[in-house]
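Novice: Take this structure, written in structure tokens, and hold onto it; I'll ask about it next.
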Amino acid sequence: MMSEYWIISAPGEKTCAQTFDTMNNLTSKQHNLCNNYKFHIPDLKVGTLDQLVGLSDDLGKLDSYVEQITRKVAVYLGEVLEGQRDKLHENLLANNTELPQYLTRFQWDMAKYPIKQSLRNIADIISKQIGQIDGDLKTKSQAYNNLKGNLQNLEKKKTGSLLTRNLADLVKKEHFILDSEYLTTLLVIVPKVLTNDWHANYEKITDMIVPRSTQLIQEDSDYYLFNVTLFKKVTEEFKLHARERKFIVRDFVYNEEELAAGKNEMTKLMTDKKKQFGPLVRWLKVNFSEAFCALIHVKALRVFVESVLRYRLPVNFQAILIEPNKKSVKRLRDVLNQLYGHLDGASAGGQVSSADNVDIPGLGFGQSEYYPYVFYKVNIDMVEQSKV
């Protein structure tokens with residue numbers, strides 16, 4: 001099945017139920033072009049037609065904004081779950097139900113969006129709600145990403161090349177001359193191809209090098225890690241001449257307290273990440289649900305406003321949720337146009353491009369798709385389709 005649903009509306013016949021039955025018989029029962037569900041929109045306060053025209057454009061912008069934030073929450077939840085698609089699917093719920101079920105059984109949330117309020121006030125409630133989610137998401141994601149980034153940097157230092165990785169885990173106390181007034185031990189990275197050169201010449205790089213003081217400590221695919229002991233006074237000279245021979249001296253001071261602190265930092269970051277993971281996933285799950293539910297309420301508002309503007313007062317239309325059969329989309333469009341083409345002579349032949357029409361506020365010509373009936377898409381694939 002498609003992840004795309006359509007919400008349409010058509011004028012009520014003798015009853016709105018008859019409108020649904022007529023459409024359902026021609027598309028679902030007889031031809032299996034789609035599955036249809038009544039989309040319940042309550043008796044909202046209409047206001048004046050002028051107010052509806054202005055609100056129609058604003059609801060279009062609100063629709064885009066709410067969808068963008070809903071997708072952003074979904075995508076970030078996927079990032080936090082680090083590619084566990086099954087777990088992501090389990091967490092992308094609306095009111096604790098899967099998205100298709102929420103959509104096909106949609107009921108207006110009277111507590112959050114009281115229908116005694118004006119349409120403009122309801123839109124403002126949704127806008128503020130989503131703005132709060134957006135702001136909180138930025139704060140929470142930045143904190144978690146910083147933590148994750150610091151942890152990744154430490155992990156890279158544990159696993160990279162000997163040229164860049166943290167050497168603390170590789171060396172031991174016995175590799176160093178400690179607490180000497182005159183002597184110091186350096187760590188040197190030697191390319192494997194220059195190993196013989198190192199053994200033959202390291203004692204000659206400068207004066208005052210302790211004979212036979214080098215040991216092989218570690219290796220990777222390209223380099224060896226050696227130590228060497230020398231007098232402190234020739235350290236800079238040794239580094240200079242070693243570099244000329246392509247031996248790289250790593251800056252490293254053996255300090256047990258600092259090494260322990262480094263290991264503790266790694267442990268602390270891992271602990272902090274685990275502590276934040278659960279609450280963050282729960283927050284994302286809850287606020288994805290909030291945002292998705294808000295998105296469908298915006299769609300309902302748009303269907304209501306557009307239907308009143310198209311079909312005029314008194315309010316008499318049936319909103320229908322359509323789940324198209326992927327292989328029958330063109331045929332479904334043809335049937336709908338045959339059924340409702342009379343509603344708009346200009347577009348009786350089907351879809352009218354907005355480029356071919358003057359943009360009339362409130363009449364949907366600003367949409368990329370315009371049909372003789374009120375039409376809006378809902379795509380419930382919140383991750384794959386996301387461009388945020």
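Novice: State whether the residues of region 62-84 include one that is assigned to a helix (DSSP H, G or I), in contact with a Phe, Trp or Tyr (Cβ under 7 Å, 6 or more places away or on another chain) and not aliphatic (A, V, I, L, M).
Specialist: Yes, region 62-84 contains at least one residue that is assigned to a helix (DSSP H, G or I), in contact with a Phe, Trp or Tyr (Cβ under 7 Å, 6 or more places away or on another chain) and not aliphatic (A, V, I, L, M).
Novice: Here's something else I'd like to know. Looking at region 354-374, is at least one residue under 32 Å from the mean Cα position of the chain (by Cα), in the same structural domain as L59 (by TED's automatic domain parsing), modelled with pLDDT of 95 or more and surrounded by 14 or more Cβ atoms within 10 Å (Cβ to Cβ)?
Specialist: Looking for residues that are under 32 Å from the mean Cα position of the chain (by Cα), in the same structural domain as L59 (by TED's automatic domain parsing), modelled with pLDDT of 95 or more and surrounded by 14 or more Cβ atoms within 10 Å (Cβ to Cβ), one finds at least one in region 354-374, hence yes.
Novice: Between R250, R243, which is in contact with a strand residue (DSSP E or B) (Cβ under 8 Å, 6 or more places away or on another chain), touching a residue at least 40 places away in the same chain (Cβ under 8 Å), surrounded by fewer than 16 Cβ atoms within 10 Å (Cβ to Cβ) and more than 30 Å from K14 (Cβ to Cβ)?
Specialist: When all the criteria are applied, what remains is R250.
Novice: All but one of (1) farther than 26 Å from K327 by Cβ; (2) modelled with pLDDT of 95 or more hold for K38; which doesn't?
Specialist: In the conditions (1) farther than 26 Å from K327 by Cβ; (2) modelled with pLDDT of 95 or more, K38 misses (1) alone.
Novice: Tell me which residues, restricted to region 1-46, are part of a helix (DSSP H, G or I) and not hydroxyl-bearing (S, T, Y). Can you show your working first?
Specialist: Initially, region 1-46 is screened for residues part of a helix (DSSP H, G or I), giving 16-29.
Listed by number, the residues that qualify are C16, A17, Q18, F20, D21, M23, N24, N25, L26, K29.
Novice: On to the next question. Just to check your reading of the model, which residue among V286, V298 is modelled with pLDDT of 95 or more, hydrophobic (A, V, I, L, M, F, W, C), closer than 17 Å to D136 by Cβ and not in a loop (DSSP other than H, G, I, E, B)?
Specialist: Exactly one residue qualifies, and that residue is V286.
Novice: On the basis of being out of contact with any Asp or Glu (no Cβ under 8 Å at 6 or more places or on another chain) and surrounded by 16 or more Cβ atoms within 10 Å (Cβ to Cβ), does V234 make the cut?
Specialist: Numbers: out of contact with any Asp or Glu (no Cβ under 8 Å at 6 or more places or on another chain): no; surrounded by 16 or more Cβ atoms within 10 Å (Cβ to Cβ): yes.
Considered against the rule, which asks whether it is out of contact with any Asp or Glu (no Cβ under 8 Å at 6 or more places or on another chain) and surrounded by 16 or more Cβ atoms within 10 Å (Cβ to Cβ), V234 comes out as no.
Novice: Would you point out which residue out of N145, N153 is assigned to a helix (DSSP H, G or I) and at pLDDT below 90?
Specialist: Numbers: N145 fails: at pLDDT below 90.
Only one candidate passes the filter, namely N153.
Novice: Follow-up. Would you confirm whether or not region 116-123 contains a residue that is exposed (fewer than 14 other Cβ atoms within 10 Å of the Cβ) and part of a loop (DSSP other than H, G, I, E, B)? Reasoning before the result, please.
Specialist: If we filter region 116-123 for residues that are exposed (fewer than 14 other Cβ atoms within 10 Å of the Cβ), which is where we start, we get 116, 121.
Keeping just the survivors that are part of a loop (DSSP other than H, G, I, E, B) gives 116.
Among the residues of region 116-123, at least one is exposed (fewer than 14 other Cβ atoms within 10 Å of the Cβ) and part of a loop (DSSP other than H, G, I, E, B), which makes the answer yes.
Novice: I'd like the full set of residues that are within 30 Å of T229 (Cα to Cα) and surrounded by 15 or more Cβ atoms within 10 Å (Cβ to Cβ), limited to region 125-169. Working first, answer last.
Specialist: Here is the first cut: in region 125-169, the residues within 30 Å of T229 (Cα to Cα) are 154-169.
Within region 125-169, L154, K157, L162, R165, N166, L167, A168 meet the criteria.
Novice: Something else: Let me confirm something: among V298, V315, V308, which residue is surrounded by fewer than 22 Cβ atoms within 10 Å (Cβ to Cβ) and either within 25 Å of V383 (Cα to Cα) or among the β-branched types (V, I, T) (or both)? Even if it seems obvious, please write down each step before you answer.
Specialist: Working: V298 fails: surrounded by fewer than 22 Cβ atoms within 10 Å (Cβ to Cβ); V308 fails: surrounded by fewer than 22 Cβ atoms within 10 Å (Cβ to Cβ).
Result of the check over V298, V315, V308: V315.
Novice: Does any residue in region 189-210 that is touching a residue at least 60 places away in the same chain (Cβ under 8 Å) come within less than 9 Å, Cβ to Cβ, of a residue that is assigned to a loop (DSSP other than H, G, I, E, B) six or more places away or on a different chain, and which pairs are these?
Specialist: I189/S161; I189/L162; I189/L163; I189/F247
Novice: Now for a different question. Taking the condition surrounded by 15 or more Cβ atoms within 10 Å (Cβ to Cβ), within 30 Å of L162 (Cβ to Cβ) and modelled with pLDDT under 95, does M270 pass? Show your work before the answer.
Specialist: Numbers: surrounded by 15 or more Cβ atoms within 10 Å (Cβ to Cβ): no; within 30 Å of L162 (Cβ to Cβ): yes; modelled with pLDDT under 95: yes.
When the stated conditions are applied, M270 does not pass them.
Every residue, every condition in (1) more than 26 Å from W283 (Cα to Cα); (2) among the basic types (K, R); (3) outside the structural domain of I69 (by TED's automatic domain parsing); (4) not in a helix (DSSP H, G or I), yes or no:
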residue	(1), (2), (3), (4)
K128	no, yes, no, no
L137	no, no, no, no
S141	no, no, no, no
K158	yes, yes, yes, no
R165	yes, yes, yes, yes
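Novice: What number of residues within region 1-38 satisfy the criterion of being surrounded by fewer than 16 Cβ atoms within 10 Å (Cβ to Cβ), of a type in the set (S, T, N, Q) and within 16 Å of Q101 (Cα to Cα)?
Specialist: Residues in region 1-38 being surrounded by fewer than 16 Cβ atoms within 10 Å (Cβ to Cβ), of a type in the set (S, T, N, Q) and within 16 Å of Q101 (Cα to Cα): 1 in total.
The values are calculated or read from the model by the stated rules, or taken from the named source; none is laboratory data. Computed from a predicted structure; not experimentally measured. Heads up, the Cβs are rebuilt from the backbone with ideal geometry, glycines too, and the neighbour counts pull from every protein chain shown.
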